[in-house]
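One structure is given here, and the rest of the page talks about it.
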Amino acid sequence: MGLFSKLFHEFVDVIEWTDDSSNTMVYRFERYGNEIKYGAKLIVREAQFAVFVNEGEVADVLGPGTYELETKNLPVLTTLQNWHHGFQSPFKAEVYFCNARRFTDLKWGTKHPLMLRDSEFGGLRIRAFGTYGVRITDSLKFIREIVGTEGVFTTDEISAQLRNLITSRFATIIGSSSIPVLDMAANYDQLGEFLTRRIAPEFGEYGLELTRILVENISLPPAVSEALDKRTSMGMTGNLDQYLQYQTGVSMQAGAQNSGGGASDGIGMGIGLAMANRMNDSLSTSGVASAHPPPIPTSAQPVFHLVADGAAHGPYSVESMKQQITAGRLSTDTLVWSPHMSEWQPAGSVQELSSLWERSTASPPPIPSA
């Protein structure tokens, strides 16, 4: 810097910073050789703080107002070199202006999908993004911890670190919340408030206040979103018969408007197939009740097998067994069997057959006298 520039800065006795940017957080007032005239005026506007640094050591932090840099007005500045001797010559010091307004619309988001376990869909990958706001509350801590000796410090230089901090804490919170993925949209506000309370102390370590975190969107992978859309469409279709009737009516209207031949013929064929299928379904449904066969009839009389000449014969009904008695093939000792019997038994011991011999041996009543 030339001699003229040096002399020009020597005569400048007003120290101020008019913030004309939207992302500058700290600005160091530039002066040739860091020389500030004794008695210069310092203007600190609203939402600003001024930090004096002399030989690497902070001398004072001033809030909004107008100050005259003299030891009688600012006793704390007597710690600056040579001021306590009342020297009228310029002194060397650095002035950092800190912007204390709220910085909003800062972006955060997940670089990679987050894995979580959902109660309805099982394992899922989700992405999330939103905005947040911060402001400087402790100028001295912010300069010591973050800014250092930079002349101009913007939000771009710290947003990456803050974004990573939010994303990391979001992954932990959302993974342990057990909120179903379909219910997350109804809990964006609660998630944002919980994240703000959870992360605010960590921002305070940098001299910053985390004013608010907003969760704007939580999204699923494209394949999962497509499957979910199909599932939603099936649910919205509702009654398939009514849906078919509606589609048939729409097709008929379109066919009436388009009488050009090919298109209307195709629509008519589609309507016919749909109606045929629907009638077939109706007939099948109505015939279900009568499709069952009648019950199997049961035999009114038992049937029997008998042993004659060393072989089994039958089956015979009870009336047929009478004929076997007459033919001499059935006696009370003849072995017989019926499906309701567990083994062969003598015919005289079977209740259904024992009465046959009683009727056959009964004698007629006496002949009445003349």
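Fewest to most neighbouring Cβ within 10 Å: what's the order for Tyr188, Tyr132?
On the way: Tyr188 16, Tyr132 25.
Final ranking by Cβ density, sparse to dense: Tyr188, Tyr132.
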For Trp17, Trp357, what's the fewest-to-most ordering of other Cβ within 10 Å of each Cβ?
-> Trp357, Trp17
From the Cα centre of the range 103-167 to that of the range 318-353, the distance in Å is 101 Å
Set the Förster radius R0 to 25 Å, insert the Cβ-Cβ distance between Ser176 and Asn217 as r into 1/(1 + (r/R0)^6), and round the FRET efficiency to 0.05.
-> 0.75
Note the per residue figure in Å³ for the convex hull of the C-alpha positions in the range 304-354.
-> 70 Å³
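Most exposed first by the Cβ proxy, i.e. fewest other Cβ within 10 Å, how do Ile325, Ile218, Ile136 rank? Could you put the intermediate results ahead of the total?
On the way: Ile325 17, Ile218 21, Ile136 25.
So the ranking, lowest neighbour count to highest, is Ile325, Ile218, Ile136.
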Sites Asp189 and Ala160, calculated FRET efficiency, Cβ-Cβ separation with R0 22 Å, nearest 0.05 = 0.25
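Quick note: the coordinates plus some simple rules give every number you see, no bench work behind them. Here the structure is a predicted model, which means the values were calculated and not measured. Note: ideal-geometry Cβ built from the backbone for every residue, glycine included; neighbour counts use all protein chains shown.
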